[in-house]
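See below for the structure under consideration.
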Amino acid sequence: MSGRIEILYFAGLREQLALEHESFELADNIDNMADLLNALRARGERWCDVLAADRPLMMAVNQQMSTPGTAIKAGDEVALFPPVTGG
Amino acid sequence: MTTDIRVQAGDFDAGKVIDSIRQGRTDIGAIACFVGLVRDLPDKRLLHMTLEHYPAMTEQALREIAEHANERWHLQHVSVIHRYGELKPSDQIVLVSVAAEHRRAAFESCEFIMDYLKTGAPFWKKETTEYGSHWVEARATDTESRRRWEKD
């Protein structure tokens, strides 16, 4: 599925990646959040470390909490963040 | 159920929130209210706590939690006010107030909403001391508290 999505990064994740948000072009082989995470990890060592599979990570698609299996498509807003600590 | 969900930087007055829930109604039997505060560090060295949030998502996430509670208990009203920005020790962070006909629904749903808010509302806390700042880590006990509702 191709087209662009908006990716937002919050809290510690934003600091570690030094990036608040970006417009990301979806390659044809990216259908869900797991595919997206793999594509981001492929960017290099820092991305691979910060988004490592054994690190706690939460995510949202179009402002709804989601999981790696959640499908994504062009035009979506996706957010990646550490486990929440509100309240 | 009516709701009043607010995400704001400014402080709130729990008494005024309760008054506004009661206003013009005679059908409410119980109002339960929880207020979460900024607690100092054991060595009393917290300079401030900063709350970051995901603006486009927070209000809707809190509203869905309130609606989830209403599916489980019959509620008359839910108010949730959550602050963001820079707060000091003893400052108020969050208010959850629930109105119901009887106390059991009010007490239990108030706790339910807090347990779901702690694990599902997109806020992140950062603590600052004279030595610098660090992000607060999520607690396993919060996840357990939420899971407890899923078993019942």
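The values are calculated or read from the model by the stated rules, or taken from the named source; none is laboratory data. Please read all numbers here as calculations on a predicted model, not as lab measurements. Glycine also receives a Cβ, built like all others from the backbone with ideal geometry; neighbour counts cover every protein chain displayed.
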Quiz item: For the subset of segment A:1-21 comprising residues that are among the hydrophobic types (A, V, I, L, M, F, W, C) and not in a helix (DSSP H, G or I), which member is modelled with the lowest pLDDT?
Solution: A:Met1
Quiz prompt | Boolean, B:Ala69 is at the interface with chain A (Cβ under 10 Å from one of its Cβ atoms), of a type in the set (Gly, Ala, Ser) and either surrounded by 20 or more Cβ atoms within 10 Å (Cβ to Cβ) or more than 18 Å from B:Ala121 (Cβ to Cβ) (or both) | solution = no
Quiz item: Tell me, which residue of segment A:22-52 that is touching a residue at least 12 places away in the same chain (Cβ under 8 Å) and in a loop (DSSP other than H, G, I, E, B) is surrounded by the fewest Cβ atoms within 10 Å (Cβ to Cβ)?
Solution: A:Asp28
Quiz item: Does segment A:8-65 hold any residues that are farther than 23 Å from B:Thr50 by Cβ and within 14 Å of chain B (Cβ to nearest Cβ), and which are they?
Solution: A:Val61, A:Asn62, A:Gln64
Quiz item: Are any residues in segment B:99-138 at the interface with another protein chain (Cβ under 8 Å from one of its Cβ atoms), within 19 Å of the chain's Cα centre (by Cα) and not in a helix (DSSP H, G or I), and if so, which ones?
Solution: B:Ala121, B:Pro122, B:Phe123, B:Trp124, B:Lys125, B:Lys126, B:Val136, B:Glu137, B:Ala138
Exercise. State all residues of segment B:29-39 that are surrounded by 15 or more Cβ atoms within 10 Å (Cβ to Cβ) and either more than 24 Å from B:Glu108 (Cβ to Cβ) or more than 9 Å from chain A (Cβ to nearest Cβ) (or both); if no residue qualifies, say none.
Key: B:Ala30, B:Ile31, B:Ala32, B:Cys33, B:Phe34, B:Val38
Quiz item: Do we find that A:Pro56 is loosely packed, with under 15 Cβ neighbours inside 10 Å, in contact (Cβ under 8 Å) with a residue 12 or more places away in the chain, within 23 Å of B:Asp142 (Cα to Cα) and more than 11 Å from the chain's Cα centre (by Cα) in this structure?
Solution: yes
Quiz item: Only one of (1) surrounded by 22 or more Cβ atoms within 10 Å (Cβ to Cβ); (2) among the hydroxyl-bearing types (Ser, Thr, Tyr); (3) in contact with a Ser or Thr (Cβ under 8 Å, 6 or more places away or on another chain) fails for B:Thr128. Which number is that?
Solution: (1)
Self-check item: Test: A:Gly75 is part of a loop (DSSP other than H, G, I, E, B), exposed (fewer than 15 other Cβ atoms within 10 Å of the Cβ) and on the phi > 0 side of the Ramachandran plot
Solution: yes
Self-check item: Tally of residues being in contact with a strand residue (DSSP E or B) (Cβ under 7 Å, 6 or more places away or on another chain) and surrounded by 20 or more Cβ atoms within 10 Å (Cβ to Cβ) across segment B:85-113
Solution: 13
Self-check item: The lone exception for A:Gly87 - which of (1) out of contact with any Pro (no Cβ under 9 Å at 6 or more places or on another chain); (2) at pLDDT 95 or above; (3) farther than 19 Å from B:Phe123 by Cα it fails
Solution: (3)
Quiz item: Is there a residue in segment B:44-61 that is away from chain A (no Cβ under 14 Å), farther than 27 Å from A:Val61 by Cβ, at pLDDT below 95 and out of contact with any Cys (no Cβ under 7 Å at 6 or more places or on another chain)?
Solution: yes
